[in-house]
Amino acid sequence: MRRDVFQAIADPVRRDILDMLAKQPLTVNEVAEKFDISRPAVSKHIKILNQCGLLETVAQGRERHCVIIPDALSQVSEWVNAHRQLWESQIDAFENYLNTLKNK
């Protein structure tokens with residue numbers, strides 16, 4: 001299954017993982033310790049984030065460290081900015097309409 005960045009950030013656990021990794025790289029076990037879900041469930045979330053290019057796991061000895069790839073979120077940022085402009089223009093037009101009604 002092909003996953004994309006939007007699927008990855010749709011889940012609150014994955015967003016929390018990204019927030020943690022934005023501060024510092026962590027091992028899979030360190031990430032798992034922060035949640036009240038099983039380690040295999042956390043590993044599945046990490047796998048999805050990896051498949052979407054949002055993080056990579058780097059082996060260091062026996063441990064696997066999760067490292068965020070912040071540039072991968074640029075796709076989300078671009079989408080949000082494009083839609084922000086659309087909605088802001090719609091809201092401005094609605095505000096102008098209301099002001100016109102109010103002034104009549």
Legend entry - segment 38-78, residues that are within 18 Å of Ile9 (Cβ to Cβ), of a type in the set (Val, Ile, Thr) and in contact (Cβ under 8 Å) with a residue 24 or more places away in the chain: Val42, Ile46, Ile48, Val67, Ile68, Val76
Legend entry - Listing of helices (runs of 4 or more DSSP H) fully contained in segment 17-104 that carry 3 or more residues being over 24 Å from Asp4 (Cβ atoms), at pLDDT below 95 and among the aliphatic types (A, V, I, L, M): 74-103
Legend entry - Qualifying positions in segment 54-76 - surrounded by 10 or more Cβ atoms within 10 Å (Cβ to Cβ) and among the small types (Gly, Ala, Ser): Ala72, Ser74
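Residues being surrounded by 14 or more Cβ atoms within 10 Å (Cβ to Cβ) and in a helix (DSSP H, G or I): count how many of those fall in segment 1-12. Can you show your working first?
So the first thing to find is which residues in segment 1-12 are surrounded by 14 or more Cβ atoms within 10 Å (Cβ to Cβ), and the list is 3, 5, 7-9.
In the following step, the residues that additionally are in a helix (DSSP H, G or I) were identified as 5, 7-9.
The number of residues fulfilling the criteria is 4.
The values are calculated or read from the model by the stated rules, or taken from the named source; none is laboratory data. Bear in mind that the values here come from a model prediction, so they are computed numbers and not experimental data. Positions of Cβ are backbone-derived with ideal geometry, glycine not excepted, and every protein chain shown enters the neighbour counts.
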